[in-house]
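Since the structure comes first, as structure tokens, the remarks are kept for the end.
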Amino acid sequence: GSVQELVGKLKALGHSRVPVFSGAATTSADQFLLLKEQVGIDTAAGHPLSTLRLHEPLWVAPTDSLFHLLNKFQLGLAHIAFVSRHPEMAASLMRSNGETPAGACACVGIITLEDIIEEILTEEIYDESDVSAAYATIAKMVRTVVRPRLEAKRAAAAASSCTPL
């Protein structure tokens, strides 16, 4: 495929970082593509996909705490991490010979900085493309939390006010 086809499909997904599956183990991601680096690319030129710059992810364990992961992300190395049962071995395979981690070292999941923040806040984070979902969430909060609290305050104020007979 061409860069033009890929960039078109990825724009439709709305993600800024996209895992890349390469090597013999096409069931395990081993690198990621940062879409903002593709903004200036001439998609009409028909460049092969192999010309795109790929990044090595952070490798983390399924048992890592959210705060440990947040600290890793704060180092600025990446905003995406690949989860492996043996993250040190997976990272070593990638660094030493560019080998895609497979078997027990394979990528079993992906976590982003946004995922971690949403878990810590226990709230969904919406971006510009999620406007309708954000409005729906806000409307629900107004209906179920804000309005009942206001009505309770009004009722309490009315009950405690002195009105002449």
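The values are calculated or read from the model by the stated rules, or taken from the named source; none is laboratory data. This is a predicted model, so every value here is computed, not measured. Heads up, the Cβs are rebuilt from the backbone with ideal geometry, glycines too, and the neighbour counts pull from every protein chain shown.
Going residue by residue through segment 72-93, is there one that turns out to be part of a helix (DSSP H, G or I), assigned by TED's automatic domain parsing to the domain that holds residue 18, at pLDDT below 85 and not polar (S, T, N, Q)? Within segment 72-93, one or more residues are part of a helix (DSSP H, G or I), assigned by TED's automatic domain parsing to the domain that holds residue 18, at pLDDT below 85 and not polar (S, T, N, Q). Taking each residue of segment 89-109 that is farther than 15 Å from residue 57 by Cβ and of a type outside the set (S, T, N, Q) and looking for partners that are modelled with pLDDT under 85 and not in a helix (DSSP H, G or I) with beta-carbon atoms closer than 6 Å, six or more apart or interchain, yields 102/25; 102/28.
When segment 97-116 is limited to residues that are modelled with pLDDT of 85 or more and in a helix (DSSP H, G or I), the one that is farthest from residue 69 (Cα to Cα) turns out to be 115.
The rows are residues; the columns are (1) in contact with a Gly (Cβ under 8 Å, 6 or more places away or on another chain); (2) among the acidic types (Asp, Glu); (3) closer than 14 Å to residue 116 by Cβ.
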site	(1), (2), (3)
51	no, no, no
58	no, no, yes
63	no, no, no
70	no, no, yes
75	no, no, yes
90	no, no, no
93	no, no, no
99	yes, yes, no
